[in-house]
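The values are calculated or read from the model by the stated rules, or taken from the named source; none is laboratory data. Quick caveat, the model's predicted, so the values are computed rather than measured. Neighbour counts are summed over all protein chains in view; Cβ atoms, including those assigned to glycine, are modelled from backbone coordinates with ideal geometry.
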Amino acid sequence: MDYTENGINEYIVIKAESDGVNIIGLTRGKDTKFHHTEKLDNGEAYVAQFTETTSAIKIRGKCKLYTKHGVIDVG
């Protein structure tokens, strides 16, 4: 099965531009739940992947989000 058609296995990169950037992974399925959290400090980067388990990623704090669609300033 080619999961790339529905966004599964797609990567994003999050680069913190301040201390305390929070990243929260949310599950797929009937009930959306938190399943993973990370905290980044200024200059740190995090590579995240959408999977069969991860359907959404919530980001709080000043950072740049790099995707195949372009760069997004967050916060």
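Look at the range 8-24 and say how many of its residues are closer than 12 Å to VAL47 by Cα and touching a strand residue (DSSP E or B) at 6+ places or on another chain (Cβ under 6 Å).
So the answer is 7.
Sort through PHE50, PHE34 and tell me the only one that's free of Cβ contacts under 8 Å to residues at least 12 places away in the same chain and under 13 Å from the mean Cα position of the chain (by Cα). Lay out the reasoning, then the answer.
Working: PHE50 fails: free of Cβ contacts under 8 Å to residues at least 12 places away in the same chain.
The unique qualifying residue is PHE34.
Looking at THR54, THR32, which is the one that is among the polar types (S, T, N, Q) and out of contact with any Gly (no Cβ under 8 Å at 6 or more places or on another chain)?
Going through THR54, THR32 in turn, the sole match is THR32.
Just the residues that are among the basic types (Lys, Arg) and surrounded by 12 or more Cβ atoms within 10 Å (Cβ to Cβ), please, taken from the range 45-72.
First, the residues of the range 45-72 that are among the basic types (Lys, Arg): 58, 60, 62, 64, 68.
Residues satisfying the conditions are ARG60, LYS62, LYS64.
Any chance the range 24-43 includes a residue that's modelled with pLDDT under 90, surrounded by 14 or more Cβ atoms within 10 Å (Cβ to Cβ), out of contact with any Ser or Thr (no Cβ under 6 Å at 6 or more places or on another chain) and among the small types (Gly, Ala, Ser)?
Looking through the range 24-43, none of the residues is modelled with pLDDT under 90, surrounded by 14 or more Cβ atoms within 10 Å (Cβ to Cβ), out of contact with any Ser or Thr (no Cβ under 6 Å at 6 or more places or on another chain) and among the small types (Gly, Ala, Ser).
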